[in-house]
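The values are calculated or read from the model by the stated rules, or taken from the named source; none is laboratory data. Just so we're clear, the structure is a prediction, and the values are computed from it rather than from any experiment. Please note: Cβ atoms are built from the backbone with ideal geometry, for glycine as well, and neighbour counts cover all protein chains shown.
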Amino acid sequence: MRVEPNDFQYMFHHKDPRRLLPLVEHIIEQFDNMDYNGPSSLESVKVLSLFRALYTKLEWKFTPWADSTLERFWREVHSEHDDVSFTFIFAMY
């Protein structure tokens with residue numbers, strides 16, 4: 001089954017993250033554990049796209065995860081893959 005970031009944006013729009021906690025934790029775990037300099041830049045971009053959908057729609061409710069996310073962003077912004085670096089920069093926008 002194919003899932004698009006827009007599907008997640010719809011699910012997270014004006015929702016309490018506690019109602020979607022297993023999904024939120026899964027996406028954050030994928031973001032934290034991804035090797036952004038690995039052989040497949042496509043996998044990295046997919047994880048980043050879903051993560052961006054999560055935090056943009058949760059808005060201020062994403063605050064508990066903000067510090068660890070920014071630390072990870074700054075460590076990985078200079079990825080070996082140009083498309084991953086661009087996606088990090090776009091995600092921070």
Point to revise | Scope the stretch 29-48; condition without any contact (Cβ under 8 Å) to a residue 40 or more places away in the chain and either among the aromatic types (F, W, Y) or within 19 Å of S68 (Cα to Cα) (or both); matching residues | key: E29, Q30, N33, M34, D35, V47
Check your understanding: Looking at the stretch 17-28, which of the residues that are free of Cβ contacts under 8 Å to residues at least 12 places away in the same chain and not charged (D, E, K, R) is surrounded by the fewest Cβ atoms within 10 Å (Cβ to Cβ)?
Key -> P22
Exercise for review: Output the qualifying pairs, or none if there are none: Cβ atoms under 6 angstrom, residues six or more apart or on different chains, first residue in the stretch 49-74 and at pLDDT below 85, second residue surrounded by fewer than 17 Cβ atoms within 10 Å (Cβ to Cβ) and not in a helix (DSSP H, G or I).
Suggested key: K57/H13
Point to revise | Residues within the stretch 25-64 that are in contact with a helix residue (DSSP H, G or I) (Cβ under 9 Å, 6 or more places away or on another chain) and under 15 Å from E80 (Cβ atoms), tallied | key: 10
Exercise for review: Consider L42 carefully, then state whether it is over 10 Å from the mean Cα position of the chain (by Cα) and modelled with pLDDT under 85.
Suggested key: yes
**Study point:** Residues located in the stretch 36-77, provided they are among the hydroxyl-bearing types (S, T, Y) and not in a helix (DSSP H, G or I)
**Key:** Y36, S40
Review point. Which of the residues that make up the stretch 35-63 are within 20 Å of D16 (Cα to Cα) and exposed (fewer than 11 other Cβ atoms within 10 Å of the Cβ)?
Key: W60, T63
